[in-house]
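For reference, the structure is listed below as structure tokens.
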Amino acid sequence: MLKGLGAERVIDYRSQAFEKEVSDVDVVLDSIGGDTQQRSWQVLRRGGVLVSIAGESIEPPSPDLGVRGIFFIVRPSRHQLMEIGGLIDGGFIRTVVDRVFPLAKARQAFEMLSESGKHGKIVINTSDAAI
């Protein structure tokens, strides 16, 4: 799936020691946290940044590394969502949808969020619902 999205190289962090395969990275986007985040510090170049959306501490293990951490949280913005929609419509961003549920099955869609093995977003279609 990732190669189909344009990735040149794919490393499975669960089965491969990515910190032995990758180095001198400008930015790491951490959505996992824990041990994966701790191992990610090693791949950054001096001056690099680890951006975490995992909600954990983002302090480098040593100030001598010359890297920094940033916690990132999304705040909805109508303007930004419209811009992203335009990028999707224009083919600049490709979305990946795992499954579409009707509104009547929203609970099932919500429960699927905690399952592993998803490849894309879960969408709730409200077009047939009386809102």
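Computed from the coordinates by the stated procedures, all read-outs in this text should not be read as laboratory data. Not measured: the values here are computed from a predicted model. All Cβ positions, even for glycine, are placed from backbone atoms using ideal geometry, and neighbour counts span all protein chains on display.
At-a-glance table
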| item | result |
| --- | --- |
| Amide hydrogen neighbours beyond the local backbone of residue 124, cut-off 5 Å, H modeled | 101 |
| Cα centroid separation, the range 1-54 to the range 70-116 (Å) | 22 Å |
| (1) 51; (2) 48; (3) 30, with the label sought being that of the calculated percent of Cα pairs over 24 Å apart | (2) |
| Coil-residue GluC sites (Glu not before Pro) of the range 15-109, DSSP, other Cβ within 10 Å capped at 15 | 56 |
| Unit charges at the beta carbon, dipole of the chain: most positive-side option, 116, 69, 49 | 116 |
| Placed amide H near residue 44: partners under 5 Å, 5+ positions off or other chain | 25 |
| Lysine pair count for the chain [Cα-Cα under 20 Å; pairs on different chains or 8 or more apart] | 4 |
| Amide H contacts of residue 11 (H built 1.01 Å from N, under 5 Å, at least 5 apart or other chain) | none |
| Nearest-20 debye value, the chain charge dipole, Cβ charges on Lys, Arg, Asp, Glu | 280 debye |
| Rounded to whole Hz, the Karplus (6.51, -1.76, 1.60) HN-Hα couplings of the range 108-121, x for glycine and proline | 4, 5, 4, 5, 5, 4, 8, 7, 8, x, 6, 10, x, 7 |
| Neighbourhood charge, 14 Å Cβ-Cβ cut-off, centred on residue 88 and excluding it, Lys, Arg +1 and Asp, Glu -1 | 0 |
| For the chain, calculated [θ]222 nm from helices alone, where every DSSP H run of n ≥ 4 adds -39500 (n - 2.57) | -6000 deg cm²/dmol |
| Karplus (6.51, -1.76, 1.60) ³J(HN,Hα), θ = phi - 60°, over the range 72-79, in Hz, Gly and Pro reported as x | 10, 10, 7, 10, x, 9, 4, 4 |
